[in-house]
Amino acid sequence: ATQELDQRLLQVQLRAYQSFGARFALAQRRVILGDEMGLGKTIQALAAIAHVRTFDARPVLVVCPASVMVNWEHEVRRRTTLAPLTLHGADRQDEVTRWLADGSIGVTTFETLLRLELPSDLELAALVVDEAHYVKNPRTARSRAVRRLTAQADNVWFLTGTPMENDVAEFRSLIRYLQSDLVPVDGPAASVGSVAFRRSVAPVYLRRNAEDVLVELPELQETDEWLRLSASDGVRYRRAVAAGNFMAMRQAGLSSADPARCAKTERLLELVVEAAANGRKVVIYSYFREAIELVGRALPIPSFGPITGDLNPAKRQQVVDDFTAHAGPAVLVAQIQAGGVGLNIQAASVVILVEPQLTPTSEDQAVARAHRMGQVRSVQVHRLLNENSVDERLVELLATKRAGFDAYARRS
């Protein structure tokens, strides 16, 4: 409460909880800002950066996935009086020299970080690691590169709404980048129990959930749409089971663009037509490129995309901008791993998940692209699920993982 926040270099009005988050980061210096998706972790980090830069001219570096690099560059310009500089591409070493000389906010990707040549005596005023769960495995090259930088920074701020996706060991590994003595090094990660674990990590972990701080956020309505496999779906599914092909089993429920031959296609089109009749826009997610291409061919109203991993961040944003600008009902189709990260899709108020994902955070992030600050309509989420299929086991698995997250990471 006593930490001051100098906002002279900031060009955005902070909400009270965002001001608290920035001050928490400054006071504790090495923290995870774990707010739920859509609450403005980027803005809180920028507020802390702006404060530090007012008093400290040393370099500031942001490390993030390639999909959000453009967003960071845009937000630095829009929300602060500071200048961003991307350290990326063929000219990255020239950009490093310029970054160190002119005091701009450096922004680079996890992959580029592995190839950057940085001074051995580099001292960072602040290091921001966005989507920090990308370094949850300490054995990867990018995790080792980030760990080296944490030792060269006075302030280290990890941003992630998903500090654990599968088990608490992932959460513990992120904490150990910041303060290794807070959690046990050896033994089962969950051996201390969830209450004791949350208490032990309290000095470095801050999380707020949307329901706690955004009283104006519209209602979120979630519906599981259980469907029987059609004859065509069933043939495809049995073939996948016989081959022991797990990914083919996941895809089997969407076998055709013809609703007469595929139960998920039939229900998906019903939902799209209903949304259009109510003047709503729709975003459809699937992990599988084949599935979203098939869906795109079946849609009866204007569609945009598909957003896939092949599109660079600027082109992904352009697709979203075109979708948003379209007058009247429309559908945006996206691979969940591409459209579920780094994009704001408040124009859509209906979200359809073609199949269950492997982690609850994948689904939560995708939904949060629509259900976030700026959304003015209630958001409807529909999960398409097949009875007597691998979908049932995945739903059980997601419930188990979600319960673990709720126990260890949902609250701080």
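Key figures for this structure:
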{"quantity": "Eligible lysines near Lys136 by straight Cα distance, threshold 28 Å, same-chain separation 8 or greater", "calculated": "Lys41, Lys401"}
{"quantity": "Burial ranking of peptide ranges 118-124, 150-156 (average Cβ count within 10 Å, highest at the top)", "calculated": "150-156, 118-124"}
{"quantity": "3J(HN,Hα) from dihedral phi, the stretch 229-239, Karplus parametrisation 6.51/-1.76/1.60, rounded to Hz, x for glycine, proline", "calculated": "4, 6, 4, 5, 4, x, 4, 5, 5, 4, 5"}
{"quantity": "Highest to lowest packing among 223-235, 262-274, 347-359, scored as the average C-beta count within 10 Å", "calculated": "347-359, 262-274, 223-235"}
{"quantity": "Rounded accessible area per residue of the chain, 1.4 Å, Å²", "calculated": "42"}
{"quantity": "Paramagnetic reach from Thr400 (point 7 Å along Cα→Cβ, amide N under 20 Å) across the stretch 346-388", "calculated": "356-364, 386-388"}
{"quantity": "Ratio of the Cα radius of gyration of the stretch 296-338 to 2.2 N^0.38 Å, where N counts its residues", "calculated": "1.12"}
{"quantity": "Local electrostatic count, Trp99, Cβ distance below 14 Å [Lys/Arg +1, Asp/Glu -1]", "calculated": "-3"}
{"quantity": "Cβ charges +1 (Lys, Arg) and -1 (Asp, Glu), total dipole of the stretch 283-389, debye", "calculated": "260"}
{"quantity": "Cα pair distances of the stretch 324-412 binned at 10 Å [whole percent]", "calculated": "15, 42, 33, 9, 1"}
{"quantity": "Accessible-area composition of the chain, carbon plus sulfur, in percent [1.4 Å probe]", "calculated": "49"}
{"quantity": "Dipole moment magnitude, nearest 20 debye, the chain about Cα centre, only Lys, Arg, Asp, Glu C-beta charged", "calculated": "400"}
{"quantity": "Label-point separation in nm, Gln11 to Trp226, each point 7 Å along Cα→Cβ", "calculated": "5.3"}
{"quantity": "Rough spin-label spacing in nm, given labels placed 7 Å along Cα→Cβ, for Arg297 and Ala90", "calculated": "3.8"}
{"quantity": "Cα-centred dipole magnitude for the stretch 73-155, charges only on beta-carbon of K, R (+1) and D, E (-1), debye, nearest 20", "calculated": "400"}
{"quantity": "Value of relative contact order over the chain, rounded to a whole percent, pairs C-alpha under 8 Å and six or more apart", "calculated": "17"}
{"quantity": "Positive-pole candidate from Ala90, Leu271, Thr223, dipole of the chain, charges at beta carbon", "calculated": "Ala90"}
{"quantity": "Segment His74-Val235, extension gain: residue separation times 0.36 nm, minus the distance between their alpha carbons", "calculated": "53.1 nm"}
{"quantity": "Total formal charge among the other residues, if their Cβ is under 11 angstrom from that of Gly40, Lys/Arg +1 and Asp/Glu -1", "calculated": "+2"}
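The values are calculated or read from the model by the stated rules, or taken from the named source; none is laboratory data. Remember, predicted model here, so these are calculated numbers, not experimental data. Virtual Cβ from ideal backbone geometry, glycine too; neighbours counted across all protein chains shown. The protein model used for the area step is the full one, side chains on, heavy atoms only, and it has no ligands, DNA or RNA in it. Shrake-Rupley method; radii C 1.70, N 1.55, O 1.52, S 1.80 Å.
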